[in-house]
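Visitor: Below you will find the structure I want to go over with you.
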Amino acid sequence: MDGVDFRTVWLSDVHLGSRACRVGLLLDFLKRTKCETLYLVGDIIDIKSLRRSFFWPETHTEVLRLLLKKSQEGTRVVYIPGNHDDDLRALAGTRFGNIDVVLRDVHVTATGRRLLVLHGDEFDAVIHCGPVALILGSAAYVTLLLLNRFVHWVHEIFGRPYWSLAQHVKSRISKAQRFIDAFQRASLRAAADAGVDGVVCGHIHMADVIEHDGLVYCNDGDWVESCTAVVERHDGALELIAWRPAAQVAALPVPVQEAA
């Protein structure tokens, strides 16, 4: 599929500088899509991982080149640092060419719906739930990501459909699901407190688009496990897409159509 054109794209949790980054699929996505506004919703560059063990192949540099090229060709790029690239929060309020660095933003869709955009790690302090470490960086999770990479490698060799072991395991851990539910509630509370119509975030590596009490919750997922993005089409409809090998785009369940 070539030349997919969106009004807005939200990406997060790319983790450039980490061996877990699915950079091949990300490059394919960036090359085959265009948009008016591109939100980079945190953890784009994994500075924490780079400090532990430096890893930076040419493909990761190519991602940055593509992002810069898009900004130079007219795409408005908004960079919202996350917890793995929080050093960049010191640059909040600055503008580099057509790239804005901010801590959070409010996006207005084509139909006037206002969406709070933030990474989501600010909710860790208010969510008292044990699986935070499991999901966001414990030794068990690092091991799971290593196994996840092996599964991807095997599937690519044998031409099997894309499948994420990490996503499969997390979806079956009840405590992890309770954390995800609590994160969603905290995100929606932040949207309600801000007086907007919904929220777009990342952080927990679990993509979803849902409506709750008149508010929309959009989590754009990640490019380590799920390889997903939230997009706004030119008519203002919000949709969660999964990008797959050979540029096969799969629409995930329950795209959100905005009310007229």
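The values are calculated or read from the model by the stated rules, or taken from the named source; none is laboratory data. From a predicted model like this one, the values you see are computed outputs, not experimental measurements. Heads up, the Cβs are rebuilt from the backbone with ideal geometry, glycines too, and the neighbour counts pull from every protein chain shown. Note: areas computed on protein heavy atoms with side chains; ligands, DNA, RNA excluded. Shrake-Rupley method; radii C 1.70, N 1.55, O 1.52, S 1.80 Å.
Visitor: Among the residues of region 62-78, is there at least one that is farther than 22 Å from Cys201 by Cα and in a loop (DSSP other than H, G, I, E, B)?
Guide: Yes: region 62-78 contains one or more residues that are farther than 22 Å from Cys201 by Cα and in a loop (DSSP other than H, G, I, E, B).
Visitor: Please determine whether any residue of region 32-41 is open to solvent by 40 Å² or more (accessible area, probe 1.4 Å), touching a residue at least 12 places away in the same chain (Cβ under 8 Å) and over 30 Å from Ala190 (Cα atoms).
Guide: Within region 32-41 (the criterion being open to solvent by 40 Å² or more (accessible area, probe 1.4 Å), touching a residue at least 12 places away in the same chain (Cβ under 8 Å) and over 30 Å from Ala190 (Cα atoms)), the answer is yes, since at least one residue qualifies.
Visitor: Among the residues of region 74-92, is there at least one that is open to solvent by 30 Å² or more (accessible area, probe 1.4 Å), within 28 Å of Gly236 (Cα to Cα) and in contact (Cβ under 8 Å) with a residue 40 or more places away in the chain?
Guide: Among the residues of region 74-92, at least one is open to solvent by 30 Å² or more (accessible area, probe 1.4 Å), within 28 Å of Gly236 (Cα to Cα) and in contact (Cβ under 8 Å) with a residue 40 or more places away in the chain, which makes the answer yes.
Visitor: While we're here: I need a count of the residues in region 96-121 that are modelled with pLDDT under 95 and open to solvent by 70 Å² or more (accessible area, probe 1.4 Å).
Guide: Selection size over region 96-121: 1.
Visitor: Let me ask another. Under 7 Å by Cβ, and 6 or more places apart or on different chains, what pairs join a residue from region 9-28 that is more than 25 Å from Val106 (Cα to Cα) and open to solvent by less than 10 Å² (accessible area, probe 1.4 Å) with one that is small (Gly, Ala, Ser) and in a helix (DSSP H, G or I)?
Guide: What qualifies is Gly17/Ser49.
Residues checked against (1) modelled with pLDDT of 85 or more; (2) within 15 Å of Val200 (Cα to Cα); (3) out of contact with any helix residue (DSSP H, G or I) (no Cβ under 7 Å at 6 or more places or on another chain); (4) among the basic types (Lys, Arg):
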site: Asp213; (1), (2), (3), (4): yes, no, yes, no
site: Cys218; (1), (2), (3), (4): yes, yes, yes, no
site: Val224; (1), (2), (3), (4): yes, no, no, no
site: Cys227; (1), (2), (3), (4): yes, no, no, no
site: Val231; (1), (2), (3), (4): yes, yes, yes, no
site: Gly236; (1), (2), (3), (4): yes, yes, yes, no
site: Ala242; (1), (2), (3), (4): yes, no, yes, no
site: Ala247; (1), (2), (3), (4): no, no, no, no
site: Ala259; (1), (2), (3), (4): no, no, yes, no
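Visitor: So, of the residues in region 177-217 that are over 21 Å from Arg114 (Cβ atoms) and of a type in the set (A, V, I, L, M), which turns out to be surrounded by the fewest Cβ atoms within 10 Å (Cβ to Cβ)?
Guide: Ala182
Visitor: Could I ask something else about it? Find all pairs meeting these conditions: Cβ atoms under 6 angstrom apart; at least six residues apart or on different chains; first residue within region 47-69 and open to solvent by less than 70 Å² (accessible area, probe 1.4 Å); second residue hydroxyl-bearing (Ser, Thr, Tyr).
Guide: Here the result reads Ser49/Ser18, each pair linking region 47-69 to a residue that is hydroxyl-bearing (Ser, Thr, Tyr).
Visitor: Okay, moving on. I need every pair where a residue in region 113-142 that is charged (D, E, K, R) has its Cβ under 9 Å from the Cβ of a residue that is modelled with pLDDT under 80 and in a loop (DSSP other than H, G, I, E, B), sequence separation at least 6 or different chains.
Guide: Arg113/Glu258; Arg113/Ala259
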